[in-house]
Amino acid sequence: MANFYTDNKDLQYHLSHPLMKRIIELKERNFADAAEYDYAPQDVEDALDSYHRVLEIVGDVCGEVLAPNAEGVDHEGPRVVNDHVEYASGTVRNLEALNAAGLGGMTLPRRFDGLNMPVTCFAMANEMVARADAGFENIWGLQDCAETINEFATEEIKAKFLPRVSAGETCAMDLTEPDAGSDLGAVMLKATWDEAAGVWRLNGCKRFITNGDGDISLVLARTEEGTKDARGLSMLIYDKRDGGVKVRRIENKLGIKGSPTCELVFNNAPAVLVGDRKMGLIKYVMSLMNAARLGIAAQSTGLCEAAYREALKYAAEREQFGKAINEFAAVREMLKNMEAKTLASRAMLYETARFVDIYKQLTHISHDRSLDPEERSEMKFYNRLADGFTPLAKMFASEYANEVAYDSIQIHGGSGYMKDYACERLYRDARIMNIYEGTTQLQVVAAINHVTKGTYLEQMARYEQEPRSEATKAMAEKLVELRKVYEQVVERVETIDKETAGYKELHSRRLVEIAGYIILSHLMLRQATEVEADYLNPAKIFVKYAAKKVAEAASYINSSEASDVELFG
Amino acid sequence: MEKVTKIVVMAKQVPDTRNVGKDAMTPEGTVNRAALAAIFNPEDLNALEMALQMKDRIGTATVHVLTMGPQRAADVIREAMFRGADGGYLLSGREFAGSDTLATSYALACALRKINPDIIVAGRQAIDGDTAQVGPQVAEKLALPQVTYAEELLDINSTQITIKRRLERGTEVVISPLPAVITVNSSAKECRPRNAKRVMKFKYALATSELATADDKRKAFIDERDYLHIVEFSAADVNPDPEQLGLSGSPTKVKKIENVVFQAKEAKTLSAEDADIEALMQELIASHTLG
């Protein structure tokens, strides 16, 4: 009776974070729903209890249905039949189970049949789903497209589509095209207004669309004829029930094989506009991408968990030289580092999710009434943190997913290279995570502004002010030292960059990584202070590793001359 | 009957005997209930699923769970409500203690007369006793037709039900008039999972005796909401003949209990000599492992 929630104390720890109280207050708005909906909570404690119970259901479905199906789905994969996607049989069973459990629309308001749960809880669900089957998480996790509809569409559009998401219909976000990948401003799919029918008509083609044959698709299209950049793009909804889109092919991928990556042909497909014209990329895709990036951070953390557990189990069972291989120092060190990276990924994921929850919820409230000055500054404060932390969370978790999956195979030795163990699938699945929804290199582009603007430095100072246990004092002092190193290299880079354009760009990944290592270390220290028995040793291990990485990056920067710009030019 | 309106699932809370450790039995040879988790009897979950499918097809019917046991057996009813049941009945009282299958089916039949359902569904058997007697006995006592070993619900209307039965060498399809008792195999469809909204809605549901010990705030909350009340029947509520209840109503007499203690023994090395193999064969026959 595997349950991916009850067997994971770390997830339960994050659900009990003190900020959850504020998040619930904002999410439940004086618990007014309790009068109208029999499943709405009465108070904070009641809401937390419900979250716990719902996550337990997710954990049960993940352990009992999704995980046992994962291997079959990986082998079978989806296929195109009559211009539409037919999922692998295991995928169909997964969706049936999750829908029977009523887990669609997890974050949506109750008036759209949603569960009205925080983004933090949805991320937890995504993490568990990904631990069971990372490719399936892509399909299921896309329900966060509904959040974008909920935030920006008219009440009429919301009422039409959101209850369907709550009932379990799947979503897609149709952004990329053959010539518009990272550069979405180059999107060409054409939307023209059909006056007679009163709808927009979509014509053109999209490529690399995850779950491209989903029930409800958000489509980025060019509504302004003659334009060539981001300002001519709008966001529209295509409803599969209306028809007009064909799946031309499904990509044959290295991993996440259960997730259909589609090439789509739009032929006069009807669509409705979300929000304002011309704001498609500038505003709505940015919001969509931030949510999607948090989703990938969750997916990556789930993959870390799965890969670490596979390695841990194998290392305990496999004997060589008369003892289990986990008794060898070289294997043990790898396992401990894998554990520390998994915990750090998770710490960063939920820290970010909480920031997102607070500012998103205040945003929703601001649509109904004007916020008081205190709330406005609270929203601004958390918005800035969420924007700064999201690329870090995505980047670190997805890179760690790759590292942990790599080490998981290493611990399995030759057997890990064979198809007999799950670690090879995890390794293939992980490889896309630091690529899609913005490559690590693009996360750096988003994060470097926060290096310059001081978001990370300010937050480090706040973490330094948090109470720390006696046992973590030495590490806390170490982190102050590392922060000074960070300030020094940032200053060096900015000074040289003033004279030599391109110097900051050359070192931006190193700067962002240094900030990340320090922030992740602080989060580990916080946990070690709160639950010493579970987190002190992983915190020590992570801080050692972080200090090494910071020293390495700082040393590189400090020995890098302005002429390096040309050297790598 | 104009249409099916009331479906009752008989379910039992049982000790989880599927993954037993070394402390599963007491030294006296009885089940060590403290060491084993109390779970929803697995085949009763299959039965619940089939009942919910009947409801899905009919649309208007309700599904209630009837369980006999101590107060904590109300967990089974809540679990069923989380998965789709509308409510339940807890049949509880000291009078029922020590019941064998005959006394159990008698007590359940008394309760069912009071509830008066159109269809009764149950798991084929419980994993603690493995008798498969209670369902058929209830049918006999209520003079209802019974369909045992049910694997799939094929059709249902207001007068009859069509069921696929799983037998030793194949399947057969039977049509039974309603009302009827159906007992369901583990080969039937697995029960649907808990549903998020239902869990949030029903998590505070309590049986009458549980409610008595709840705090005032909780009591007031439940009192305002009918659907959070799990009906509790005492022996007196179901008008039984007291002689047929519990120990006095249980003709089953335990002649002897043999305490088989599972012990991991050291491996035994045999030579390739016929004599050694012969000795092992004798030992296995004597211990009833063979023959």
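Derivation of every value follows stated rules applied to the coordinates shown; laboratory data play no part. The shown structure was predicted, so the numbers you read here are calculated from the model rather than taken from an experiment. Positions of Cβ are generated from backbone atoms using ideal geometry, with glycine treated the same way; all protein chains shown enter the neighbour counts.
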Measure off 7 Å from each Cα along the Cα-to-Cβ vector at residue A:484 and residue A:154, then give the distance between these two points in nanometres to one decimal. 6.1
Pairs of alpha carbons in the range B:19-153 whose separation is greater than 23 Å (percent): 35
Cα pair distances of the range B:146-230 binned at 10 Å [whole percent]: 15, 28, 19, 25, 12, 2
Lys and Arg at +1, Asp and Glu at -1: add these up for the other residues within a Cβ distance under 15 Å of residue A:499 and post the number. -4
I need the calculated FRET efficiency for the pair residue A:225 and residue A:494, taking r as the beta carbon distance and R₀ as 30 Å, to the nearest 0.05. 0.10
Please report the net charge: other residues with Cβ closer than 14 Å to the Cβ of residue A:201, K and R +1, D and E -1. -3
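Which whole number gives the average count of other chain Cβ atoms within 10 Å of the Cβ atoms across peptide A:50-56? Don't skip to the answer; put the middle values down first.
Details: counts 6, 1, 0, 6, 6, 1, 2.
Going residue by residue through A:50-56 and averaging, the value is 3.
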What is the set of long-range amide H partners of residue B:152 at a cut-off below 5 Å, with H atoms built 1.01 Å from backbone N? B:164
How large is log10 of I(q)/I(0) for the range A:171-280 at q = 0.10, 0.21, 0.24 Å⁻¹ when the intensity is taken from the Debye formula with one equal scatterer per alpha-carbon? -0.25, -1.09, -1.37
Note to self: C-alpha centroids of the range B:171-229 and the range A:322-355 sit apart, in Å, by 42
For the range A:440-567, the percent of all C-alpha pairs falling in each 5 Å bin, from 0 up to the bin holding the max distance, is 2, 11, 21, 21, 18, 12, 8, 4, 2, 1, 0
Convert each backbone phi in the range B:45-58 into a coupling constant with the Karplus relation 6.51 cos²θ - 1.76 cosθ + 1.60 (shift: θ = phi - 60°), then list the ³J(HN,Hα) values in order as whole Hz, x for Gly and Pro. 5, 4, 5, 4, 4, 5, 5, 5, 5, 4, 4, 4, 6, 7
Calculated from DSSP H runs of 4 or more alone, at -39500 (n - 2.57) each and per residue, what is the 222 nm mean residue ellipticity of chain B, nearest 500? -8500 deg cm²/dmol
With +1 assigned to the C-beta of every Lys and Arg and -1 to the C-beta of every Asp and Glu, and no other charges, what is the dipole magnitude of the range A:1-81 about the Cα centre in debye, to the nearest 20? 300
Treat the count of other C-beta atoms within 10 Å as a stand-in for reagent exposure and order A:408, A:16 from fewest to most. A:16, A:408
Computed over the range A:415-459, the Cα gyration tensor eigenvalues, each multiplied by 5 and square-rooted, give semi-axes in Å (largest first) of 36, 11, 6
With +1 on the Cβ of every Lys and Arg and -1 on the Cβ of every Asp and Glu, the dipole magnitude of the protein assembly as shown about its Cα centre, in debye rounded to the nearest 20, is 700
Under Karplus coefficients 6.51, -1.76 and 1.60, residue-wise ³J(HN,Hα) of the range A:268-273 in Hz, glycine/proline x: 6, 5, x, 7, 10, 7
Given the pairs A:360/A:548; A:498/A:540; A:478/A:504; B:12/B:256; A:160/A:253; A:253/A:540, which span a C-alpha to C-alpha distance of over 29 angstrom in this model? A:360/A:548; A:498/A:540; A:160/A:253; A:253/A:540
With respect to the cross-link table entries A:27/A:158; A:323/B:268; A:9/A:158; B:3/B:141; A:341/A:484, which display a Cα-Cα separation exceeding 26 Å? A:9/A:158
Can you list the lysines whose alpha carbon is less than 20 Å from that of residue A:190, not counting same-chain residues fewer than 8 positions off? A:206, A:228, A:240, A:246, A:278, A:283
Can you give the calculated 222 nm mean residue ellipticity of chain A, where each DSSP H run of n ≥ 4 adds -39,500 (n - 2.57) and the sum is split over every residue, rounded to the nearest 500 deg cm²/dmol? -19500 deg cm²/dmol
Report the one residue of A:476, A:410, A:454 whose Cα lies farthest in the direction of the positive end of the charge dipole of the range A:391-499 (charges on C-beta: Lys and Arg +1, Asp and Glu -1; origin at the Cα centre). A:410
Any idea what diffusion coefficient the protein assembly as shown gets from Stokes-Einstein, in µm²/s, Kirkwood Rh on alpha carbon pairs, 25 °C, 0.890 mPa s? 81
Check residue B:84: other-chain or 5+ apart residues with amide H under 5 Å from its amide H, H built from backbone geometry? none
If I model a spin label as a point 7 Å beyond the Cα along the Cα-Cβ vector, how far apart are those points for residue B:214 and residue B:236 in nm? 2.4
Quick one: what are the phi-derived ³J(HN,Hα) couplings along the range B:241-249, Karplus 6.51/-1.76/1.60 with θ = phi - 60°, whole Hz, x for glycine and proline? 7, x, 4, 8, 9, x, 4, 5, x
Would you work out which of A:35, B:182, B:107 lies farthest towards the positive end of the dipole of the protein assembly as shown? Charges go on Cβ: Lys and Arg +1, Asp and Glu -1. A:35
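If you take each beta carbon of peptide A:94-103 and count the beta carbons of other chains within 10 angstrom, what is the mean? If you can, show how the numbers build up before the last one.
On the way: counts 0, 0, 2, 3, 2, 3, 7, 10, 8, 4.
Mean partner shielding for this stretch: 4.
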With charges set only on the Cβ (+1 for Lys and Arg, -1 for Asp and Glu), what does the dipole of the range A:171-280 come to about its Cα centre, in debye to the nearest 20? 280
Out of residues 5 or more away from residue B:32 or on other chains, whose amide H comes under 5 Å of its own, with H placed 1.01 Å from N in the peptide plane? B:25, B:26
How many Cβ atoms of partner chains, on average, are near each residue of B:198-206 if near means within 10 Å of its Cβ? 5
In a GNM of chain B with a 10 Å cut-off on Cα contacts, which of B:180, B:126, B:272 has the highest mean-square fluctuation? B:272
Roughly how many whole Å is it from the C-alpha centroid of the range A:198-231 to that of the range A:480-514? 39
Might you list the cysteines of chain A that have no disulfide-compatible partner by the rule of another cysteine's Cβ under 4.7 Å? A:62, A:121, A:205, A:262, A:304, A:423
How compact is chain B by the rule of thumb for globular proteins, expressed as Cα Rg over 2.2 N^0.38 Å? 1.16
Between residue B:223 and residue B:23, what is the label-point separation in nm under the 7 Å Cα-to-beta-carbon projection? 4.2
Would you please give the FRET efficiency between residue A:552 and residue A:366, computed as 1/(1 + (r/R0)^6) with r the Cβ-Cβ distance and R0 = 45 Å, to the nearest 0.05? 0.55
